[in-house]
1. Could you say whether any residue in the stretch 138-149 is touching a Ser or Thr at 6+ places or on another chain (Cβ under 8 Å), closer than 16 Å to Val287 by Cβ and not basic (Lys, Arg)?
2. Can you confirm whether Val248 is in contact with a His (Cβ under 7 Å, 6 or more places away or on another chain), assigned to a helix (DSSP H, G or I) and of a type outside the set (S, T, N, Q)?
3. Looking at (1) surrounded by fewer than 17 Cβ atoms within 10 Å (Cβ to Cβ); (2) part of a helix (DSSP H, G or I), which is the one condition that is false for Leu310?
4. Among the numbered criteria (1) at pLDDT 90 or above; (2) under 17 Å from the mean Cα position of the chain (by Cα); (3) surrounded by 22 or more Cβ atoms within 10 Å (Cβ to Cβ), which single criterion is violated by Asp291?
5. Yes or no: Arg324 on the phi < 0 side of the Ramachandran plot, among the charged types (D, E, K, R), free of Cβ contacts under 8 Å to residues at least 12 places away in the same chain and surrounded by fewer than 16 Cβ atoms within 10 Å (Cβ to Cβ)?
6. Only residues that are surrounded by fewer than 15 Cβ atoms within 10 Å (Cβ to Cβ) and part of a loop (DSSP other than H, G, I, E, B): list them for the stretch 327-370, please.
7. Which of the residues spanning the stretch 1-11 are surrounded by 14 or more Cβ atoms within 10 Å (Cβ to Cβ) and either at pLDDT below 85 or closer than 30 Å to Val345 by Cα (or both)?
8. Hey, can you tell me all the residues within the stretch 201-218 that are among the aliphatic types (A, V, I, L, M), crowded, with 22+ Cβ neighbours inside 10 Å and under 11 Å from the mean Cα position of the chain (by Cα)?
Amino acid sequence: MTALLYLLGYGITLALGWLVLFGHRSAARPSETWQIALTLLFLPSLLKYALQLLVAPWFDVQSWWRRRRAPRRAAIPAQRVSVLVPAWNEEVGIALTVRSLLASDHPDVEVVVINDGSTDDTHAVMQALVAEHEASGRPGRLVYVSQPNGGKASALNRGLGVASGEIIVTTDADSAVAADTLTNFARRFDDPRVMAVAGNVKIGNRPGVLGLVQRLEYLYGFYFKKADSVLDSIYIVGGAAAAYRADVLHELIDRGRSGALAGFDEDNITEDIEMSTRLQAAGHRIVYAPDAVVTTEAPADWDGLVRQRLRWKFGRFLTFRQYRHLFFNPALPRKRVLTMLILPVALLSEVLLLAEPLLVTVMWAWTIAVGDYGPALVYIGALTLVVGWQVLTDTRRRESLALLPLAPMAWLVFYLVDLTEFRALVRTLVRMATGRGVTWQRWSRQGVFASQQG
């Protein structure tokens, strides 16, 4: 299947190039009304991407300057880092996740595993891990608690009640955490303005079309967090690689006792998106740490991927509705890029995604009819350069180089992603219209990290 993906991708891309050079062009031209309508429709998204592409390199410049000014061997932050690992039927991957965390180079680590009513052998695996760790005498504190099934947010809140660290990190029970990730998270909190940090999530599934597609998708998406970090507009701190200043989370809990929302929102299926949006609404600063790498096991089949994206979209819509007062709100002066551009374009993108099958069909039909492939080739060339640059500047460049051959056909790969997102969007709208919710879903784990340790 992978060979077929490359064959089709390069074949179609090269065919378009040949048509630009030697194809016959019709005298027919699209009307000005059609051109203006399309331009206006996509203009906000184009402005957003243009801004992000211009600003993202500045993140690297700032990072380089900080490293140059810092001591050659900067002291490792002394704060205790507590890592919350909610687990529901995670017998396949939980052992490696815990071991990767306990192997961290950070000097003071507390790992809190919350078993959220698992019905498989998660409990037995964790009991064995606790006994193994206690017998080893190795540094790090491993805490294991169990509760009836209440959902991921409920498990995280239970973990918050147990954790004793000054920094709270969340990760998933199917992930491998790099040895320097917790330290790299902690370094960002040297800035007293920073209340949360988004880490860099990588996909561990290597073979197969779906693994390649998701690896490229994550590389592409996380690159733009550099720009969002500079612009103070990160509103999604993914639960697989997130860090929070404990004080701000406990402040939210204390505020909850007097009537406001306490801890992670147990009524929102994407508690990570809600929490990061809540922090932005409160005026707090969230930054990106590309060197805080967490490798996660992604869905290995299309159905599992659609179910994952269903949960993400459903929760994002809930969050948009919950924080609708942020849209086009000029009252937050340091958040105007977020409120006036990033959030509105995120919602507009969902509308355009719903219309994408029609728009793509019409645009390609017209392109073929008039034989004008130039604009398509310009888009493909620009995307190829962007993806190539992202690969070459990635924190894990040696691992990401395998994605470089995908750059010329990234436009087709992203059509596959959009098809998955479209299916998830339709299911989300149907569920919201019929009053049906979404539960904490999971897929069949394959244990892709069996030979990896972070």
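1. The answer is no, given that none of the residues of the stretch 138-149 is touching a Ser or Thr at 6+ places or on another chain (Cβ under 8 Å), closer than 16 Å to Val287 by Cβ and not basic (Lys, Arg).
2. Working: in contact with a His (Cβ under 7 Å, 6 or more places away or on another chain): yes; assigned to a helix (DSSP H, G or I): yes; of a type outside the set (S, T, N, Q): yes.
Considered against the rule, which asks whether it is in contact with a His (Cβ under 7 Å, 6 or more places away or on another chain), assigned to a helix (DSSP H, G or I) and of a type outside the set (S, T, N, Q), Val248 comes out as yes.
3. Answer for Leu310: the failing condition is (1).
4. Of everything listed in (1) at pLDDT 90 or above; (2) under 17 Å from the mean Cα position of the chain (by Cα); (3) surrounded by 22 or more Cβ atoms within 10 Å (Cβ to Cβ), Asp291 misses just condition (3).
5. Yes; evaluated as a whole, the condition is true for this residue.
6. Answer for the stretch 327-370, where residues must be surrounded by fewer than 15 Cβ atoms within 10 Å (Cβ to Cβ) and part of a loop (DSSP other than H, G, I, E, B): Phe327, Phe328, Pro330, Ala331.
7. Listed by number, the list holds a single entry, Gly9.
8. Result: Val201, single match.
The values are calculated or read from the model by the stated rules, or taken from the named source; none is laboratory data. Everything quoted here is computed from the prediction, not taken from an experiment. Glycine gets a Cβ as well: all are built from the backbone with ideal geometry, and neighbour counts include every protein chain shown.
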